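These notes concern the structure reproduced below.
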Amino acid sequence: GPGAGQAPAPSRPEAGRSGRPQLAAAVTGLVTGILALVIIAAQFTVQLVYRDYFVCVEDALTTSSREACERHLPEELRPLFGDPGQE
């Protein structure tokens with residue numbers, strides 16, 4: 001009866017206590033890894049999609065020719081990549 005039901009109880013909190021930090025660490029590591037992959041993938045995608053822009057900027061010898069590179073960018077991104085001094 002009651003004696004058999006109480007025997008496994010003491011081992012259960014110990015298992016939960018040692019298992020939970022490991023689980024938290026595993027989840028944290030997984031999330032960190034996924035975030036890192038997402039950031040790398042985003043950078044790779046931006047460079048692939050806007051390769052013309054980056055090549056143009058690298059090849060640009062003057063500021064005015066660098067500003068001409070903005071034609072490779074969509075309108076929304078021009079303020080981000082464009083020259084900060086320009087309005």
Inset, instruction - Could you grab me the full set of residues in segment 33-62 that are open to solvent by 80 Å² or more (accessible area, probe 1.4 Å) and of a type outside the set (D, E, K, R)? - result: ILE34, LEU35, LEU37, VAL38, ILE39, ILE40, GLN43, PHE44, GLN47, LEU48, VAL49, LEU61
Inset, instruction - Only residues in segment 29-52 that are closer than 23 Å to LEU77 by Cα count as the first member; pair them with residues that are open to solvent by less than 90 Å² (accessible area, probe 1.4 Å) and in a helix (DSSP H, G or I), Cβ under 6 angstrom, at least 6 apart or cross-chain, and list the lot. - result: ASP52/HIS72
Inset, instruction - Sort through PRO84, PRO13 and tell me the only one that's at pLDDT below 80, in a helix (DSSP H, G or I) and surrounded by fewer than 10 Cβ atoms within 10 Å (Cβ to Cβ). - result: PRO13
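The values are calculated or read from the model by the stated rules, or taken from the named source; none is laboratory data. Predicted model only: the values in this text are computed from it and were never measured. FYI the Cβ positions are ideal-geometry reconstructions off the backbone, even for glycines, and counts take in every protein chain you see. For the accessible areas, the whole protein counts, side chains as well, though only heavy atoms, and no ligand, DNA or RNA atoms are used. Shrake-Rupley method; radii C 1.70, N 1.55, O 1.52, S 1.80 Å.
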